[in-house]
1. In the stretch 234-245, which residue that is in contact (Cβ under 8 Å) with a residue 12 or more places away in the chain and open to solvent by 10 Å² or more (accessible area, probe 1.4 Å) is farthest from the chain's Cα centre (by Cα)?
2. Which numbered condition trips up Ile287, out of (1) surrounded by 15 or more Cβ atoms within 10 Å (Cβ to Cβ); (2) assigned to a helix (DSSP H, G or I)?
3. Test Thr135 against the stated conditions and say whether it is hydroxyl-bearing (Ser, Thr, Tyr), touching a Cys at 6+ places or on another chain (Cβ under 8 Å) and under 24 Å from Val214 (Cα atoms).
4. Would you mention how many residues in the stretch 114-158 are surrounded by 14 or more Cβ atoms within 10 Å (Cβ to Cβ), among the small types (Gly, Ala, Ser) and assigned to a strand (DSSP E or B)?
5. Search the stretch 254-284 for residues being within 20 Å of the chain's Cα centre (by Cα) and open to solvent by 60 Å² or more (accessible area, probe 1.4 Å), and hand back the single one that is farthest from Leu223 (Cα to Cα).
6. Within the stretch 75-104, which residues are within 24 Å of Ile130 (Cα to Cα) and among the aromatic types (Phe, Trp, Tyr)?
7. Could you say which residue among Asp64, Asp54 is under 28 Å from Arg199 (Cα atoms), among the acidic types (Asp, Glu) and modelled with pLDDT of 95 or more?
8. Return yes or no: is Tyr86 part of a strand (DSSP E or B), open to solvent by 10 Å² or more (accessible area, probe 1.4 Å) and over 23 Å from Asp291 (Cβ atoms)?
Amino acid sequence: MELIFLGTSSALPTTKRNHSAIALKAFGEVMLFDCGEGTQRQMARIKLSPMKVDHIFITHLHGDHFLGLPGMIQSMAFRGRKNPLYIYGPEGMIKTVEHIKNLGYYALSYPIHVHEIKKGTILQTEEYLIECCPTHHSVLNLAYSVEEKRSPKFLREKAIELGLKPGPDFGKLQKGIPVEVNGVLITPDQVLGEERKGRRIVYSGDTKPCSEMVEFATNADVLIHESTYESSQETKALENGHSTTTHAARIAKEADVSELILTHISTRYRDSDSLRREARHIFNKVIMAEDFMTIDVKHHEN
C-alpha cells in the first residue's frame, strides 16, 4: 500500500502545495481521495496515469476538494477511456457530476457511476473494505477508511503432513474451500493459522475535532488528518470547521493510531515544520505531508 500526496494545501494552491488529493496504490489499482484543481497535472509530474484510476472518493463539495474532476473526466474521454469510473461522495455528488458532464463540448466515451453515501461500508472486495463516516465541517464531510483483508497464514508443512501436495489445492484451502485427498475431506481450518490484521488507512477530509473521528480512526495504521491551523488559531479553526495541529494530535493519541500525517495546510504557513513540532508535543509519530511525498504502509509482522 503506497500513499502519494498530490495536493496538501487548504483553500488556495501555492507554488509548493496544490489543492487536496491523495492517491493510494494498492490491490492492483490506483484510488483517488479528493481531486482538487490541478490534480491531473500533479499526476503527470510523477508519471501516474489517471487512466489507472477506477475509484474516486470525494470528502465534501468545497471546490478545493473536487474541482479537478471536470478536467480529469474530460481528459480520460480524450484518451479514449472505456472502463467505468466510480465516484463516491456526499449528498449532492450526483448533481455535481451531472453538471460536470455537461461542461463544454466533448464526447464522453465511458460510463460514470456516482454513489451518494452516508455512513458505513461503501465498497468491499475480497481484498479490501472501504467505509465512510460523517464528521463536523461547515458542510457535510465524509472521512474514509481503507482496510486490507489479510488471509490467515497458510501452514504449508501441516498441509503436507495431511497428504496434500503443493499446487491448486493449496490455493483452494487459502480461499476457504475444502478439498478431498484420498477420500478424506481437508477443511481450511486445519491448514490455516490465526486471523491476521490487515493494514488500515483513515483520511479525515475537512473537520473540526469530534468524537466520531476518534472512534472511526481507532487502531488505524495511518491517520491522515487535516491540520489547517496552528494551535494559537484554535478559535478561527473551530469557527471555520477545521482542526489545528494539536486537535489532530489529540485525535491520533485517543484513537491509538500508529502514525499521524498532517495535511490541508493554510497558505499562511511557509515553515510547516513548526506545525509538525507542535503536534509532536502531544503525539510522537507525526509526519507533515508535502506535495509528491510517498509513504509506504508496511505489513504487520504477524
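1. Filtering the stretch 234-245 for residues in contact (Cβ under 8 Å) with a residue 12 or more places away in the chain gives 234, 237-238, 240-245.
Then drop every residue that is not open to solvent by 10 Å² or more (accessible area, probe 1.4 Å), which leaves 234, 238, 240, 242.
Working: Glu234: 26, Leu238: 24, Asn240: 24, His242: 19 Å.
This residue is Glu234.
2. Here Ile287 meets the rest and fails (2).
3. Working: hydroxyl-bearing (Ser, Thr, Tyr): yes; touching a Cys at 6+ places or on another chain (Cβ under 8 Å): yes; under 24 Å from Val214 (Cα atoms): yes.
Spelling it out, Thr135 is indeed hydroxyl-bearing (Ser, Thr, Tyr), touching a Cys at 6+ places or on another chain (Cβ under 8 Å) and under 24 Å from Val214 (Cα atoms).
4. Count: 2.
5. Asp256
6. Going through the stretch 75-104, the residues within 24 Å of Ile130 (Cα to Cα) turn out to be 83-97.
Listed by number, the residues that qualify are Tyr86, Tyr88.
7. On the way: Asp64 fails: under 28 Å from Arg199 (Cα atoms).
Step by step, each of Asp64, Asp54 is checked, and only Asp54 is under 28 Å from Arg199 (Cα atoms), among the acidic types (Asp, Glu) and modelled with pLDDT of 95 or more.
8. Details: part of a strand (DSSP E or B): yes; open to solvent by 10 Å² or more (accessible area, probe 1.4 Å): yes; over 23 Å from Asp291 (Cβ atoms): yes.
Taking the combined requirement at face value, the residue satisfies it.
The values are calculated or read from the model by the stated rules, or taken from the named source; none is laboratory data. Owing to the predicted nature of the structure, the values given are computational and were not obtained by experimental measurement. Backbone-built Cβ (ideal geometry, glycine too); neighbour counts: all protein chains shown. Remember, those area values only see protein heavy atoms, side chains included, never the ligands or the DNA or RNA. Shrake-Rupley method; radii C 1.70, N 1.55, O 1.52, S 1.80 Å.
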